[in-house]
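Visitor: This structure is in structure tokens; I'll ask about it shortly.
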């Protein structure tokens, strides 16, 4: 990406994205600022989903919920248009992806509620700051993610198992990685499992269910964190009539710094 | 209270309360175990209230939400009957207290949702464990609570200002008190203000809006925490058709230890 882009502030980026001039993924943009996932549901499903996130805050860390019908936020960003400030959106009907678009103005309804959900990008930046390599960043691939046997607490129709992301961590940095991420409960918090993939139902680390496999070196331990793919996964399994999400990697760039998330 | 009572486990206490043999306040019972506040609302109000707590987690730390119509919990206690396991309940209609009862079986409806909300009892026990005197406990009175000018984030009809509780802390223990309570976000977390009541709109510390005034010694600083009276206050201001709460001090004794709350 051009150096110009990297120099843009979150609000400048949102303006560029809003105008349709930038439609690519947001990886590496506005370093230090929180990027967030999106789930938009009709209000009829919003209570059960909000309750599901309340019961499962580790995989589903809600940063902010819009008012029904509103394209605005107040906490994570002002000067925001939720219908245009993600570079790309996915429209689902009855669980089927029907369209990928750069604006959802044409799909907007007064009963839509937007859930802004924390993302591991935030804690990866803190891991790096603590001197811990993040392999998927080094190898420039998507983090490997796996279905597990860890049951979630259900709410209404929403139920299922947790999806986890995995990062190999050198044996002598595992405790530090736990401490860094434990301080960030708004973005998944501490790992859910350290070193034993089979214990949580993962058979082959080289065959992730989502994302890409990464190299695990001899002195490294696979460490598993609750993953933000979980809520989308759970929603899609219920095949709701209508859902909008962001496209993978095409996130909202917010005005809140990753470090600020610790104190919200 | 008799020593016998103090020796009872949480589940033994709940059985005693359920049977109607104990209807008094729960202060000092099952030391070390989390006690919790109750708000029961019809499902029609539950989304806005859950959203209100999501937006205002410091004064409104939700520990668990029941399924609609269910008298059970799964996290904070098993072997529980939400309609009988609080020693005393208050029934409100259109914001007016109409009845105080020891069982709400006669008022139960299939659309009722129970919100189990964290309480400062939990962090007071941790403050004591850290060697910090809690004046309201020493003086055997209710903690002093004050209306403030701190605006809450609104959700649907629910809006208002934060209520805070105040504990005088010796100057040389203030930082420790912040650290102890900061580690307990499920029960209000760190203070919201230290040392300047006027800054948050409190005119006279000797004239609390709820609870009782306590002695503040010369070397002590008034420290203010978000208070669990806030959600009840906010609900009552909207004069909803039907609400049930616990009676003040007559809490749910849960199976979860105060220290465990830090890791949930």
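The values are calculated or read from the model by the stated rules, or taken from the named source; none is laboratory data. Keep in mind that what you see is a predicted model, and the values were worked out from it rather than measured. Every residue, glycine as well, gets a Cβ built from its backbone with ideal geometry; the counts of neighbours run over all protein chains shown.
Visitor: Which ranges mark the strands (runs of 3 or more DSSP E) fully within the stretch A:9-111 that have 3 or more residues being touching a helix residue (DSSP H, G or I) at 6+ places or on another chain (Cβ under 6 Å)?
Guide: Once the strands (runs of 3 or more DSSP E) in the stretch A:9-111 are filtered for at least 3 residues that are touching a helix residue (DSSP H, G or I) at 6+ places or on another chain (Cβ under 6 Å), what remains is A:33-42.
Visitor: Additional query: On the basis of being over 17 Å from the mean Cα position of the chain (by Cα), surrounded by 15 or more Cβ atoms within 10 Å (Cβ to Cβ) and away from every other protein chain (no Cβ under 14 Å), does residue B:18 make the cut? Let's see the steps before the verdict.
Guide: Working: over 17 Å from the mean Cα position of the chain (by Cα): yes; surrounded by 15 or more Cβ atoms within 10 Å (Cβ to Cβ): yes; away from every other protein chain (no Cβ under 14 Å): yes.
So residue B:18 fits the description; yes.
Visitor: Here is a follow-up. Collect the residues in the stretch B:125-149 that are under 19 Å from the mean Cα position of the chain (by Cα) and over 26 Å from residue B:33 (Cα atoms), keeping them in residue-number order.
Guide: Taking the stretch B:125-149 as the starting set, the residues that turn out to be under 19 Å from the mean Cα position of the chain (by Cα) are B:125-128, B:134-137, B:140-148.
Residues satisfying the conditions are B:146, B:147, B:148.
Visitor: From B:216, B:244, grab the single residue that is crowded, with 22+ Cβ neighbours inside 10 Å and either over 20 Å from residue B:192 (Cα atoms) or not assigned by TED's automatic domain parsing to the domain that holds residue B:98 (or both).
Guide: Numbers: B:216 fails: crowded, with 22+ Cβ neighbours inside 10 Å.
Answer to the check: B:244.
Visitor: Which is surrounded by 13 or more Cβ atoms within 10 Å (Cβ to Cβ), on the phi > 0 side of the Ramachandran plot, more than 14 Å from every other protein chain (Cβ to nearest Cβ) and modelled with pLDDT of 95 or more, of A:79, A:85?
Guide: Working: A:85 fails: on the phi > 0 side of the Ramachandran plot.
The conditions single out A:79.
Visitor: Among the residues of the stretch B:102-113, is any touching a residue at least 60 places away in the same chain (Cβ under 8 Å), in contact with a strand residue (DSSP E or B) (Cβ under 8 Å, 6 or more places away or on another chain), crowded, with 16+ Cβ neighbours inside 10 Å and within 12 Å of chain A (Cβ to nearest Cβ)?
Guide: There is at least one residue in the stretch B:102-113 that is touching a residue at least 60 places away in the same chain (Cβ under 8 Å), in contact with a strand residue (DSSP E or B) (Cβ under 8 Å, 6 or more places away or on another chain), crowded, with 16+ Cβ neighbours inside 10 Å and within 12 Å of chain A (Cβ to nearest Cβ).
Visitor: Here's a follow-up. With the condition kept exactly as written, say whether any residue in the stretch B:67-75 is buried (at least 21 other Cβ atoms within 10 Å of the Cβ) and within 14 Å of chain A (Cβ to nearest Cβ).
Guide: Scanning the stretch B:67-75 turns up at least one residue that is buried (at least 21 other Cβ atoms within 10 Å of the Cβ) and within 14 Å of chain A (Cβ to nearest Cβ).
Visitor: Another question about this same structure. Going through the stretch A:191-211 one residue at a time, which ones are touching a residue at least 24 places away in the same chain (Cβ under 8 Å) and either in contact with a helix residue (DSSP H, G or I) (Cβ under 7 Å, 6 or more places away or on another chain) or not in a loop (DSSP other than H, G, I, E, B) (or both)?
Guide: Looking only at the stretch A:191-211, we keep the residues that are touching a residue at least 24 places away in the same chain (Cβ under 8 Å), and these are A:191-195, A:197, A:200-202, A:205, A:208-211.
Residues satisfying the conditions are A:191, A:193, A:194, A:197, A:200, A:205, A:210.
Visitor: Could you say whether any residue in the stretch A:145-157 is over 30 Å from residue B:74 (Cα atoms) and touching a strand residue (DSSP E or B) at 6+ places or on another chain (Cβ under 8 Å)?
Guide: If we filter the stretch A:145-157 for residues that are over 30 Å from residue B:74 (Cα atoms), which is where we start, we get none.
No, because not a single residue in the stretch A:145-157 is over 30 Å from residue B:74 (Cα atoms) and touching a strand residue (DSSP E or B) at 6+ places or on another chain (Cβ under 8 Å).
Visitor: May I ask you to list the residues in the stretch A:27-66 that are farther than 12 Å from residue A:117 by Cβ and away from every other protein chain (no Cβ under 14 Å)?
Guide: A:27, A:28, A:29, A:30, A:31, A:32, A:33 - these are the residues of the stretch A:27-66 that are farther than 12 Å from residue A:117 by Cβ and away from every other protein chain (no Cβ under 14 Å).
Visitor: Restricting to the stretch A:132-171, name every residue that is over 20 Å from residue B:64 (Cα atoms) and free of Cβ contacts under 8 Å to residues at least 40 places away in the same chain. Lay out the reasoning, then the answer.
Guide: Here is the first cut: in the stretch A:132-171, the residues over 20 Å from residue B:64 (Cα atoms) are A:132-149, A:163-171.
Correct list: A:133, A:134, A:137, A:138, A:140.
Visitor: While we're here: Only one of these is surrounded by 16 or more Cβ atoms within 10 Å (Cβ to Cβ), within 14 Å of chain B (Cβ to nearest Cβ) and modelled with pLDDT of 95 or more: A:132, A:192. Name it. Write out each step before concluding.
Guide: On the way: A:132 fails: within 14 Å of chain B (Cβ to nearest Cβ).
Testing whether each residue is surrounded by 16 or more Cβ atoms within 10 Å (Cβ to Cβ), within 14 Å of chain B (Cβ to nearest Cβ) and modelled with pLDDT of 95 or more leaves just A:192.
Visitor: May I ask you to verify whether residue A:162 is part of a strand (DSSP E or B), in contact with a strand residue (DSSP E or B) (Cβ under 9 Å, 6 or more places away or on another chain) and under 18 Å from residue A:220 (Cα atoms)? I'd like the intermediate steps shown before the answer.
Guide: Details: part of a strand (DSSP E or B): yes; in contact with a strand residue (DSSP E or B) (Cβ under 9 Å, 6 or more places away or on another chain): yes; under 18 Å from residue A:220 (Cα atoms): no.
When the stated conditions are applied, residue A:162 does not pass them.
Visitor: Further, regarding this structure: For residue A:143, indicate whether it is buried (at least 22 other Cβ atoms within 10 Å of the Cβ) and part of a loop (DSSP other than H, G, I, E, B).
Guide: Working: buried (at least 22 other Cβ atoms within 10 Å of the Cβ): yes; part of a loop (DSSP other than H, G, I, E, B): yes.
So residue A:143 fits the description; yes.
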